[in-house]
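Take a look at the structure set out below.
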Amino acid sequence: MVVVVGASVFAAATQTAFACSTIWQPSPSASPGPSASPQLGDVQPDMGNSHVAVGTVIRYTYCPPASGRHYDSSGQGPIPARAYGPNDAVIPEGWVHNLEHGALVILYRGADADQDALKAIFDAVPVSPVCGFPPGGQSPGPVVARFDQMAWQYAALVWDRVLPMQTLDQAAVLDFYAHYGEVTNPQKLCQPSASPGVSGSPGTSASPSAASSETPSAAPSASVSPAASPS
């Protein structure tokens, strides 16, 4: 009874907030060669990154969305980095903005997902791989949230990339974030150091981005000076 009521509350709170054209399932990829590194996750076609007014109902071409239009308002997009419970009305218009800033977003389907295991992964996320931000605070991630419109029980996302999982794999999620976190996102919160040979790869030390002439996006914490909003 509790699960049924919780599911009804979640559905009622989110059903008019967004829509999905396609429940995305990536095409099978070729196996890597013997000397190639295994690829973590799948590239999802980019859906843009424009900002819209809070309350706008967005139809995402692919769900779960690893890019796309999203809110730009304090507390609503990007949203605070934390583990959200199954009855929290968290919608992609909020956490897609976290992805745009380089965050790791971990999604689960349904009210019966393993919350203890999700919290364990949330607690295990290290400092961000490029900017070196600790989880929460200056960092826009990680975010753990319920999202029912997907083909798998769990998924880890960074901008334009999805790691599908039928069962949670903490090691795979952390490796995925180490490789792609703060690398593919269009709006940077820092700039890699200009030392020789550095190209902004994971683990590179970085400094906060300089202010731009464009209007800055809202960030989860006032202590961060985010990069300019995309045009």
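Scanning the stretch 109-135 for residues that are among the small types (G, A, S) and touching a residue at least 60 places away in the same chain (Cβ under 8 Å) gives G110, A111, G132.
If you check A103, A124 for being of a type outside the set (V, I, T), under 16 Å from V173 (Cβ atoms) and either buried (at least 23 other Cβ atoms within 10 Å of the Cβ) or in contact with a Phe, Trp or Tyr (Cβ under 7 Å, 6 or more places away or on another chain) (or both), only one passes: A103.
Hey, could you check the stretch 46-61 for residues that are assigned to a loop (DSSP other than H, G, I, E, B) and touching a Phe, Trp or Tyr at 6+ places or on another chain (Cβ under 7 Å) and say which is surrounded by the fewest Cβ atoms within 10 Å (Cβ to Cβ)? Quick ask: steps written out before the conclusion?
Initially, the stretch 46-61 is screened for residues assigned to a loop (DSSP other than H, G, I, E, B), giving 46-50, 53-57.
Among the residues that remain, those that are also touching a Phe, Trp or Tyr at 6+ places or on another chain (Cβ under 7 Å) are: 47, 54, 57.
Values: M47: 17, V54: 13, V57: 11.
Looking at residues that are assigned to a loop (DSSP other than H, G, I, E, B) and touching a Phe, Trp or Tyr at 6+ places or on another chain (Cβ under 7 Å), I get V57.
Does P45 satisfy being under 25 Å from D169 (Cβ atoms), in contact with a Pro (Cβ under 7 Å, 6 or more places away or on another chain) and of a type outside the set (F, W, Y)? For P45, the condition - under 25 Å from D169 (Cβ atoms), in contact with a Pro (Cβ under 7 Å, 6 or more places away or on another chain) and of a type outside the set (F, W, Y) - is not met.
Looking at this structure, is V125 at pLDDT 95 or above and of a type in the set (V, I, T)?
Criteria met by V125.
Listed by first and then second residue, the pairs with beta-carbon distance under 7 Å, at least 6 apart or on different chains, first residue in the stretch 163-175 and in contact (Cβ under 8 Å) with a residue 60 or more places away in the chain, second outside any helix (DSSP H, G or I) and crowded, with 18+ Cβ neighbours inside 10 Å, are L163/G41; L163/A155; L163/A156; P164/A155; A172/L163; V173/I106; V173/A156; V173/L163.
A quick yes/no check of all residues on (1) open to solvent by less than 10 Å² (accessible area, probe 1.4 Å); (2) touching a helix residue (DSSP H, G or I) at 6+ places or on another chain (Cβ under 7 Å):
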residue	(1), (2)
C63	yes, no
R69	no, no
D72	no, yes
G77	yes, yes
R82	no, no
D88	no, no
I91	no, yes
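From the set of residues in the stretch 124-152 that are among the aromatic types (F, W, Y) and within 15 Å of P64 (Cβ to Cβ), which is nearest to the chain's Cα centre (by Cα)? Restricting to residues being among the aromatic types (F, W, Y) and within 15 Å of P64 (Cβ to Cβ), the top hit is F147.
With respect to N87, is the statement that it is modelled with pLDDT of 95 or more, polar (S, T, N, Q), closer than 12 Å to F147 by Cα and not in a strand (DSSP E or B) true? Against the criterion (modelled with pLDDT of 95 or more, polar (S, T, N, Q), closer than 12 Å to F147 by Cα and not in a strand (DSSP E or B)), N87 qualifies. Determine whether the stretch 125-137 contains at least one residue that is closer than 29 Å to V57 by Cα and not basic (K, R). Yes - at least one qualifying residue is present in the stretch 125-137. Restricting attention to the stretch 3-45, the residues being surrounded by fewer than 15 Cβ atoms within 10 Å (Cβ to Cβ), at pLDDT 70 or above and touching a strand residue (DSSP E or B) at 6+ places or on another chain (Cβ under 9 Å) number 9.
The values are calculated or read from the model by the stated rules, or taken from the named source; none is laboratory data. In this text the structure is predicted, and so the values were computed from the model without any measurement. Neighbour counts run over all protein chains shown; Cβ positions are idealised from the backbone, glycine included. SASA here: full protein model, heavy atoms, side chains in, ligands and nucleic acids out. Shrake-Rupley method; radii C 1.70, N 1.55, O 1.52, S 1.80 Å.
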